[in-house]
Structures are given as structure tokens and as C-alpha cells.
Amino acid sequence: MASHTIACRADNFVRWHLGRPFYAVWIVEADTAEMRAHISAMRRHLGDWLLPDYRRQPHITLAVCGFPQAHARDAHSYTEADFQRDIACLQASLPTSLQISTSFAGSFTTAAYLGLKGDIEPLHTMRTALRATETQPYVPHITAGFYRQRLAMIDVQQKLAALALPEISLEINEITLAVYASAEIAGRLLPVCRYSLEDGSLQVLQSRYLPWRMPGGA
């Protein structure tokens, strides 16, 4: 385990996005009043240890996709073919609704988070179906914010251990393809479509964030 956190910064990250405006991710939406209250409590508890202006809604990241593009430009591109392959893999993996609940408050080197328990294995299964390639072990979680300074991890852990939050239960019936502005480290998530875990149907919400047409897209 790392001995210290890593200080994050608000930046444009132009060397990463190269002018591509959005980045796509598959997530589980967890934006409830209870969850927002928990995240707010965590942020107040950690105070100025965290970067301000965290506007990303509570969510569980399943897999990062890439920059939506009509044609693949590099390994970070996400095309219509990639999207269609994701849907086919989800349908083949036959996921179903699941139950999870919040657990302890924890920390990565870059961010504080709320841990999860319950039907965690299906999240791993869906992540695999979505071709996630990150090499780090997958820890399903809900991010509370990014650190703004270098802190001793033992101090962070002791601080989080003192935070008592009641358990919240969530029933997951769908997952969401969302995008966020690639120039913002903690900007809002913009849902593009939702995939039903119960019947495999797709609800298109805001296809204008994609460079390809989706049936019934807004």
C-alpha cells in the first residue's frame, strides 16, 4: 500500500484528450438523496484535503471506454463498433438485477471513496464483458472526491475510520453509458443510454454526445 496520497490538480489535460470533448464510461448510477448525503458528509469530514467543486454524481464505474469518435484514432478511441460489441457482450453474459449496499469509507492514492458489499461478483462479470483492460485490481466503489495535497495514508485512514455512516442499500436493474467533459477532472456525468439488466433493452437518452446515430436518440 502506498504511504502517501497523490495530489491531484484541476487542469485541462489537453495532452490527454487532444481536443476531443468527451470521454465515455459504463457506470451504475447511484444518485439518490441518501447517497448524496453520505458523499457530502465524507467531503465535509475530509475538508480541505479534497479538491473543491466535485460535481460528479454518485456512481459505480464499471469500465472506461474512451473518447467517442466516428473512426478509431488511437487506443483511446471509442467507436460505434466498440459500443455494439459492448452491447453484444452484455447480452451474452446474461447479467441480472443485483443488490448491493454501502460499506466502509476507504482511500485510493488519488481519491477517497465509499466501499460496497453484496452482489459484487456480477459487477466483475459485467466489467469483464465490457472489455475493461486496466491492470489494477477492481474495487467497486463510489468516489467522494480527489485529494488536493500529499497526505500520509495512515492519517487519511484514521480520519476515515472515525466517520460513521449508516448503511444504504441499492437495487441495480440497469447500467448506463455516460460521458463527461474531458477537460474537467470532476465534472458532471451526462447519461447517453441505459441498458436494462432484466430484459437487455436499451433506452437512449442523449445520443448527441456520440458521433454516430442511435435509434430514437435525442
Fill in the blank from the handout: With R₀ set to 45 angstrom, the calculated FRET efficiency between the beta-carbons of Ala37 and Ala72, to the nearest 0.05, is 0.60
Practice task
Scan around Ile168 for amide H atoms under 5 Å from its own, H built in the peptide plane at 1.01 Å from N, and keep only partners 5 or more places away or cross-chain.
Solution key: Thr102
Completion exercise
Given backbone amide H placed at 1.01 Å from N, residues whose amide H is under 5 Å from that of Phe22, ignoring those fewer than 5 places away on the same chain, are Ser182
Completion exercise
Of the candidate values (i) 0.93; (ii) 0.96; (iii) 1.01, the one computed for Rg/Rh (Cα atoms, Kirkwood Rh) from this structure is (ii)
Practice task
Please compute the net charge surrounding Pro166, taking Lys and Arg as +1 and Asp and Glu as -1 over other residues with Cβ under 15 Å from its Cβ.
Solution key: 0
Fill in the blank from the handout: When every protein chain stays in place and a 1.4 Å probe is rolled, Arg85, Arg20 sorted by accessible area with the largest first are Arg85, Arg20
Completion exercise
Sparse-neighbourhood loop hits (chymotrypsin sites (Phe, Trp or Tyr not before Pro), the range 7-39; DSSP loop; Cβ within 10 Å at most 16 others) -> Phe13
Practice task
Kindly provide the trypsin sites (Lys or Arg not before Pro) of the range 91-139 that DSSP labels as loop, not H, G, I, E or B, and whose Cβ sees at most 15 other Cβ atoms within 10 Å.
Solution key: Arg131
Problem - For Ala112, residues with placed amide H under 5 Å, excluding near neighbours - result: Ala144, Gly145, Tyr147
Exercise for the section: Using the Karplus curve 6.51 cos²θ - 1.76 cosθ + 1.60 with θ = phi - 60°, work out ³J(HN,Hα) for each residue of the range 73-81 in order, rounded to whole Hz, and write x for Gly and Pro. Expected result: 10, 6, 5, 9, 7, 10, 10, 4, 4
Completion exercise
In the neighbourhood of Phe22 defined by beta carbon distances under 15 Å, the net charge of the other residues (Lys, Arg +1; Asp, Glu -1) is +2
Practice task
Only loop residues by DSSP count here, and only those with at most 11 other Cβ atoms within 10 Å; note down the trypsin sites (Lys or Arg not before Pro) in the range 1-70 that meet that.
Solution key: Arg9, Arg55
Handout entry: the chain: calculated mean residue ellipticity at 222 nm from DSSP helix runs of at least 4, using -39500 (n - 2.57)
Key = -6500 deg cm²/dmol
Practice task
Read phi for every residue in the range 40-54 and hand back ³J(HN,Hα) as whole Hz from Karplus 6.51 cos²θ - 1.76 cosθ + 1.60, θ = phi - 60°, with x for Gly and Pro.
Solution key: 4, 5, 4, 5, 5, 5, 8, x, 7, 5, 9, 4, x, 6, 7
Problem - Contour excess over end-to-end distance, with Cα ends at Leu190 and Ala92 and 0.36 nm allotted per residue - result: 32.6 nm
Handout entry: Under 9 Å, Cβ to Cβ, from Gln57 - net charge with Lys/Arg +1 and Asp/Glu -1
Key = +2
Handout entry: Probe 1.4 Å, accessible area per residue of the range 75-163, Å²
Key = 50
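The values are calculated or read from the model by the stated rules, or taken from the named source; none is laboratory data. Remember, predicted model here, so these are calculated numbers, not experimental data. Quick reminder, even Gly has a Cβ in these numbers, built from the backbone with ideal geometry, and neighbours come from all protein chains shown. For accessibility, only protein heavy atoms count, side chains too; no ligands or nucleic acids. Shrake-Rupley method; radii C 1.70, N 1.55, O 1.52, S 1.80 Å.
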